[in-house]
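For reference, the structure discussed in these notes is given below.
The values are calculated or read from the model by the stated rules, or taken from the named source; none is laboratory data. No experiment lies behind these values; they were computed from the predicted model shown. Backbone-built Cβ (ideal geometry, glycine too); neighbour counts: all protein chains shown.
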């Protein structure tokens, strides 16, 4: 297979080597990221590195940074550790496109396809791309989070229609269950560290909601925090359960406690952060895709990801 190369002038130096004994949560820190100056964002890739649709950043355990739609809608690229050029791995089949990707602990990259109502699975070891879920009842599968055993939870908004939005649960074998319906614009989605709670953003209202996965079957989500309408996107949690929320149009990553209190705001250079991922040998380096500047910013956190 012939790969396309997307030349990028790194603001930081190339990614450094992976520390021995790195666990799933201990992904490599980009060289040049602020050392232990916490919550101060800077450019990792320069402005204009990507097209406007670039989203879904995700590190693997080797320190390679995967990005959805870096050079055009529907492509999947990787900036390999030590490289200064992004490799375009493939385009999603049949004109598909993605905004959300996650690695499982089993080493597979799961890719939401919001155009074709699918979830794809990519194996970096073999280069194999397969369709894991093909579900016409999905509106626009947007983002996902994954449990330790490989169960997927998927957000499925309904941006431009009167259809309800959903949350879906997908078993490790690919069995699809509708977990929740009637959520118009479910967007960012993440689990608590103990996997007992599912957090998600509802973009139109600006709400951050939480669903108790061990609660009664008829118990719906409750609002944990209310932001301004149309200003929330991707989310992640750290090992203490703090929720990091990308504040699109507002130019920050906001940190919300598990109890629903605003802990702090991390100002960014750009105004439109869409999503983020944790990495580094200690798991405390956070990279953020920024839509308006078409690049990636980076800052150091005080705790690693869940």
- Message: Taking the condition of being surrounded by 22 or more Cβ atoms within 10 Å (Cβ to Cβ) and within 17 Å of residue 278 (Cβ to Cβ), how many residues in the range 189-233 meet it?
- Response: 4
- Is it true that residue 231 is outside any loop (DSSP other than H, G, I, E, B) and in contact (Cβ under 8 Å) with a residue 24 or more places away in the chain? no
- Task: Evaluate the range 194-216: report whether one residue or more is within 19 Å of residue 103 (Cβ to Cβ), at pLDDT 95 or above and part of a loop (DSSP other than H, G, I, E, B).
- Result: yes
- Task: Starting from residues that are at pLDDT below 95 and in a loop (DSSP other than H, G, I, E, B), keep the ones in the range 261-289 and report whichever is surrounded by the most Cβ atoms within 10 Å (Cβ to Cβ).
- Result: 280
- Item | Listing of strands (runs of 3 or more DSSP E) fully contained in the range 33-120 that carry 1 or more residues being at pLDDT 95 or above, buried (at least 16 other Cβ atoms within 10 Å of the Cβ) and under 17 Å from the mean Cα position of the chain (by Cα) | 55-59, 65-68, 75-79, 101-103, 109-113
- Query: Inside the range 234-250, can you point out the residues that are assigned to a loop (DSSP other than H, G, I, E, B), in contact (Cβ under 8 Å) with a residue 60 or more places away in the chain and surrounded by fewer than 22 Cβ atoms within 10 Å (Cβ to Cβ)?
  - Reply: 239, 240, 241, 242
- So how many residues does the range 251-260 have that are part of a strand (DSSP E or B) and either modelled with pLDDT under 95 or loosely packed, with under 14 Cβ neighbours inside 10 Å (or both)? 0
- Do you know which residues across the range 140-183 are modelled with pLDDT of 95 or more, surrounded by fewer than 19 Cβ atoms within 10 Å (Cβ to Cβ) and in a loop (DSSP other than H, G, I, E, B)? 147, 148, 149, 150, 151, 171, 172, 173, 174, 175
